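Taking it in order: structure first as structure tokens, then the write-up.
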Amino acid sequence: LGLMASQAMRMSRLIDDLLSLSRVEMRAHLVPRGVVDLNEVAAYVRQTLEPLSKEDRIEITLHRLPSPARIRGDRDEIVQVVQNLLQNAIKYGRPGGQVDVRVERLPGQPGGAGRLSVAVIDDGPGIAPEHLPRLTERFYRVNAASSREKGGTGLGLAIVKHIVLRHRGDLQIASEIGKGSRFTAIFDEAGSEVAKA
């Protein structure tokens, strides 16, 4: 019965993630019209995942910008991006380790909009370079047994990539064995007319 219950939960998570991915893909051509503050989203996600981080004795440190970090976006989807990245850092990072969530302002292109990023950095075991290009593929896992054991479906980073693309952003992944990983979602900053609204 215990095995059946765990498999049923796994199937439920898998279906939820597949539906989530399908919804994002259906709206890929629709540019989000809302306004989202990355400072607020990062703080909200950190607070919601604090019980999970405490189980693994992982300390989450949040670095926010002193001023609003507004982007054009769908709040629920941006929450999902940060949530998936932070959950991964907690699941696959070092027990008793440290995770940093950083909201930063990046230099924009000359004459273009500025850019904002939200990065999740862990001090876990890191990921070998041959895996990095394939991490956002559906069902791709660096270690299938470990991922399944920790409740992973192999779809989290595919969902993140599709949401970031829908927001006309970039997803950057950097990792080194023994030194941890950094996942960064980068978006165009919302224009000054949005800040005044």
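For residue 77, neighbours were defined as the other residues whose beta-carbon sits under 10 Å from its Cβ, and their charges (Lys and Arg +1, Asp and Glu -1) total +2. When DSSP beta bridges are restricted to pairs lying wholly in the range 1-113, around 40% turn out antiparallel.
This model, with +1 at the C-beta of Lys and Arg and -1 at the C-beta of Asp and Glu, gives the chain a dipole about its Cα centre of some 220 debye. Of the Cα atoms belonging to the chain, the radius of gyration and Dmax stand at 17.0, 62 Å. What angle, in degrees between 0 and 90 and rounded to the nearest 10, separates the Cα long axis of helix 156-166 from the longest principal axis of the Cα atoms of the chain? That helix lies at roughly 20 degrees to the long axis. Per residue, the chain exposes 54 Å² of accessible surface when a 1.4 Å probe is rolled over the protein heavy atoms with every protein chain present.
Assuming a strict under-17 Å limit between Cα atoms, what lysine pair count do you get for the chain once near-sequence pairs (fewer than 8 apart, same chain) are dropped?
Working: 54/91; 54/150; 91/150; 91/179.
Lysine pairs meeting both conditions in the chain amount to 4.
Rounded to the nearest whole Hz, the Karplus-based 3J(HN,Hα) values (6.51 cos²θ - 1.76 cosθ + 1.60, θ = phi - 60°) of the range 123-133 follow the sequence 10, x, x, x, 10, 5, x, 5, 8, 4, x, with x at glycine and proline.
Ellipticity at 222 nm from helices only: DSSP H runs of n ≥ 4 in the chain, each -39500 (n - 2.57), divided by the residue count, give -13500 deg cm²/dmol.
The Cβ shell under 9 Å around residue 35 holds other residues with a net charge of +3, Lys and Arg each +1, Asp and Glu each -1. Can you list which of the trypsin sites (Lys or Arg not before Pro) found in the range 10-81 are DSSP loop residues with at most 11 other C-beta atoms within 10 Å? Answer in residue order: 33, 57.
Here the Karplus curve 6.51 cos²θ - 1.76 cosθ + 1.60, taken at θ = phi - 60°, turns the phi angles of the range 49-64 into couplings of 9, 4, x, 5, 5, 5, 4, 9, 6, 9, 9, 9, 10, 9, 10, 9 Hz, with x standing for Gly and Pro.
The values are calculated or read from the model by the stated rules, or taken from the named source; none is laboratory data. Note that the coordinates shown come from a computational prediction; the quantities given were computed from them, not determined experimentally. So basically every Cβ, Gly included, is an ideal-geometry build from the backbone, and we count neighbours across all protein chains shown. The accessibility values were calculated without ligands, DNA or RNA, using every heavy atom of the protein model including side chains. Shrake-Rupley method; radii C 1.70, N 1.55, O 1.52, S 1.80 Å.
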